[in-house]
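Worksheet for the structure shown next.
Computed from the coordinates by the stated procedures, all read-outs in this text should not be read as laboratory data. Worth saying up front: this structure is predicted, and the values here are computed from it rather than measured. Positions of Cβ are backbone-derived with ideal geometry, glycine not excepted, and every protein chain shown enters the neighbour counts.
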Amino acid sequence: MEKVVLAYSGGLDTSFCAVWLTKVKNLDVHAVMVNLGGFSDEEIRKTEERAYTLGVKSFEVINDEDRYYNDCIRYLVFGNVLKNNTYPLSVSSERVFQATAIAAYAKKIGAKYIAHGSTGAGNDQIRFDTIFQIMLPEVEIITPIRDLKLSRNEEIDFLKENGFDIDFQKSQYSINKGLWGTSVGGKETLTSNQTLPEEAYPTQVTKTEPEVLELQFVKGELVAVNNETFDRPVQAIQKVQEIAQPFGIGRDTHVGDTIIGIKGRVSFEAAASLVIVKAHHLLEKHTLTKNQLMIKDQLSIPYGNYLHDGQVLDPVMKDIEALFTSSQDKVTGMVKVQLFPYYFSLIGIESENDLMSSKFGTYGEINKTWTEQDAKGFSKIYANALSIYHQIHESKAEV
């Protein structure tokens, strides 16, 4: 029998795919689950049990969270990337890196086919297809849910007909948990004027007393939280999440343009990513030059858009990442953040590279590196170009 690698999560869609590919297509199904920091050991164990119950030939877990950090998250931090100034690209960036890991595995075992359970209505189908076609141009992509246009009940009926009476209770909300944030979709996100109720968020608010959080960055990377150092940046992210998420921090709803051309809404909770990105950005404001900040701002938007749209393999991504990395050489220091229920406040920074040094002057009060005459001369030259422009056009208007 020919091999098919199935991007497997254990939910209804991929469970249907596992059985359909075996029973209808007569293929050996090799289920692959890519863990980027969003699954517990118990969740993985249960997913594996279900996969074998459904008749897969093999089940593989790829624990790839360090690659995900090194090849993706750290650049989202370096670039202070928030899509539409809101969304930290939590699940969308995970899908891209899950796809590359699955494609690499399919190539490793010599699979003739590769499959995923995406519908025809969202971004994931494009992300998976694009990456599979680039990395495995000779491998056929199979997408049963999309091609058969199946309803949830039709999938359940098929599984029952084939002897799998599994309880796939439909949750009121669709939740995708990941290292960089958790997305939450429901009936409210399908509208333009409603927001999720409190109970829809997977992390409920249990902290009400304000706390101060100290984040230590070295060359743009988070290395310590409240004086606790970590060998792996992933652990530092998880620590911030552990401290900040119970405040209900990082909740919001993203509205954006999908790859397939329609508008879409998704809610999320992403305490760690938002706190880290905002703290990092504040440190950059103190340690980078005006032009460095301006150029980085200009590249942050396209970088986030390309990643969101599944273009991670475009070489321009490496070009932008090289500039982001170069810019982090002086971004070292400690940032203090005050945590409150539902929001946080940036207190300030401490850094040897702080360009806001009082020895050069105090804004609005004292200057130490120029004289009053220097300031007058500078202002006159600074205004000269526009002064000429307005004098010429005012004289024309008088004629």
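Some values worked out for this structure:
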item	result
Normalised convex hull volume, region 137-208, alpha-carbon set, Å³ per residue	207 Å³
Computed Rg/Rh of region 242-399, alpha carbon atoms with Kirkwood Rh	1.10
Cα Rg, Dmax, region 193-330, angstrom units	17.2, 47
Gain on full stretching of the segment that runs from Tyr342 to Lys112 - 0.36 nm per residue minus C-alpha separation	77.9 nm
At R0 = 35 Å, FRET efficiency that the Cβ-Cβ distance of Glu209 and Arg265 yields, to 0.05	0.60
When region 11-156 is reduced to its Cα atoms, the Kirkwood hydrodynamic radius in Å	16.3 Å
Spatial separation of Cα centroids for region 44-95 and region 311-346, in angstrom	19 Å
Volume per residue of the C-alpha convex hull in region 174-244, rounded to whole Å³	129 Å³
Hull volume in cubic angstrom per residue (convex hull over the Cα atoms of region 52-111)	108 Å³
Pairs of Cα atoms farther than 14 Å apart, region 6-81, %	63 percent
Under 15 Å, Cβ to Cβ, from Ile262 - net charge with Lys/Arg +1 and Asp/Glu -1	-1
Extreme residue, positive dipole direction of the chain, given options Gly11, Tyr75, Asn63 (C-beta unit charges)	Tyr75
Calculated FRET value between Asp147 and Gln298, using beta carbons and R₀ = 35 Å, to 0.05	0.30
Calculated on alpha-carbon atoms, Rg and Dmax of the chain in Å	25.6, 91
Three-way shape call for region 111-251 based on the alpha-carbon gyration tensor, with the a/c threshold at 1.5	oblate
Whether region 130-171 is rounded, prolate or oblate, judged on the alpha carbon gyration tensor where a/c under 1.5 counts as rounded	prolate
Environment charge at Glu214 (Cβ cut-off 14 Å; Lys +1, Arg +1, Asp -1, Glu -1)	-1
Around Gln172: net Lys/Arg minus Asp/Glu count, Cβ-Cβ under 11 Å	0
Rg over Rh, two decimals, region 81-186 (C-alpha only, Kirkwood Rh)	1.01
Rounded to 5, percent antiparallel among DSSP beta bridges of the chain	70 percent
Selection from Met1, Gln133, Ser171, by position along the positive dipole direction of the chain (Cβ)	Gln133
Under Karplus coefficients 6.51, -1.76 and 1.60, residue-wise ³J(HN,Hα) of region 177-194 in Hz, glycine/proline x	8, x, 4, 9, x, 10, 8, 9, x, x, 4, 5, 6, 7, 9, 9, 10, 10
Where labels lie 7 Å past Cα in the beta-carbon direction, separation of Ala104 and Thr53 in nm	3.1 nm
Asp319-Glu43 FRET efficiency (beta carbon distance; Förster radius 35 Å; 0.05 resolution)	0.40
Peptide ranges 48-57, 187-196 listed from the most packed, as the mean C-beta count within 10 angstrom indicates	48-57, 187-196
Isotropic mean projected area of the C-alpha convex hull, region 268-316 (nm²)	4.4 nm²
